[in-house]
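Here is the structure we will look at.
The values are calculated or read from the model by the stated rules, or taken from the named source; none is laboratory data. The shown structure was predicted, so the numbers you read here are calculated from the model rather than taken from an experiment. Because the Cβ atoms are built from the backbone with ideal geometry, glycine has one as well, and the counts that use them run over all protein chains shown.
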């Protein structure tokens, strides 16, 4: 895999913070058992010695991720996350047609530490996400997801509870999107195995709002990466 040039990922930078548009398949932090893979934290530290990643995105999820350049900035950001003052808005493509109008899913999540996440009303930690449908296709819906809490897999599992699994999210019964399913008369040669349009689940961290050290709001809009943009383009063309 070709590793990204950190500078090319930067969406915003001042003396205290950097926001990057994380590419898919790059971990946010060192993974448990340290595989030695390049991740956002390592790239950030090469760029700025004291860099700390302030929150994480799943490895497959792309989008805006906040990095502090100083210990003070890291504390400032951590407090905002703790007090739920950071606004994170994600876009997801889900299987099927759904009309979500400020739907609040308020279901506790239990994380047993082995990437195993379940809804558990007794033992789980409180988890809340708001969902709004942005665009309707014949077989899919583009959904805006606004997590209030920050549990592991929160958006993915909350959507799955609504039978609206994210496209390509095998763990939660989401199915990959194939062009042959969208495009009439699409033919693939006999020897080729058709690849899905996206080789991951369709989730992107689109907007991030937080306060800088001067308490002014900083709003970031992270453009879709190529695979997500291609999926939307093909849905617009063949499934609308």
Checking 64, 127, 68 in turn, the sole residue that is closer than 13 Å to residue 149 by Cβ, touching a residue at least 12 places away in the same chain (Cβ under 8 Å) and within 20 Å of the chain's Cα centre (by Cα) turns out to be 127
Residue pairs within 9 Å by beta carbon, gap of at least six or interchain, first lying in region 184-198 and over 24 Å from residue 170 (Cα atoms), second part of a loop (DSSP other than H, G, I, E, B), listed first then second, are 186/178; 186/194
Scanning region 183-220 residue by residue, the ones that are surrounded by 19 or more Cβ atoms within 10 Å (Cβ to Cβ) and more than 29 Å from residue 108 (Cβ to Cβ) total 3
Subset of region 80-115, residues surrounded by fewer than 16 Cβ atoms within 10 Å (Cβ to Cβ) and within 18 Å of the chain's Cα centre (by Cα), comes to 81, 84, 87, 115
Note: among 86, 117, 105, just one is modelled with pLDDT of 95 or more and within 12 Å of residue 155 (Cα to Cα), namely 105
Checking 141, 99 in turn, the sole residue that is within 25 Å of residue 206 (Cβ to Cβ) and either in a loop (DSSP other than H, G, I, E, B) or in contact with a helix residue (DSSP H, G or I) (Cβ under 7 Å, 6 or more places away or on another chain) (or both) turns out to be 99
Do we have any residue at all in region 128-138 that's within 19 Å of residue 221 (Cα to Cα) and surrounded by 21 or more Cβ atoms within 10 Å (Cβ to Cβ)?
yes
Residue count, region 199-221, condition farther than 28 Å from residue 96 by Cα and free of Cβ contacts under 8 Å to residues at least 60 places away in the same chain, comes to 5
The one condition residue 57 fails out of (1) under 25 Å from residue 215 (Cα atoms); (2) in contact with a helix residue (DSSP H, G or I) (Cβ under 7 Å, 6 or more places away or on another chain); (3) crowded, with 21+ Cβ neighbours inside 10 Å is (2)
Within region 214-240, residues out of contact with any helix residue (DSSP H, G or I) (no Cβ under 6 Å at 6 or more places or on another chain) and in a loop (DSSP other than H, G, I, E, B) come out as 214, 215, 216, 222, 223, 224, 225, 240
Residue 110: in a helix (DSSP H, G or I) and either without any contact (Cβ under 8 Å) to a residue 40 or more places away in the chain or under 24 Å from residue 209 (Cα atoms) (or both), yes or no? no
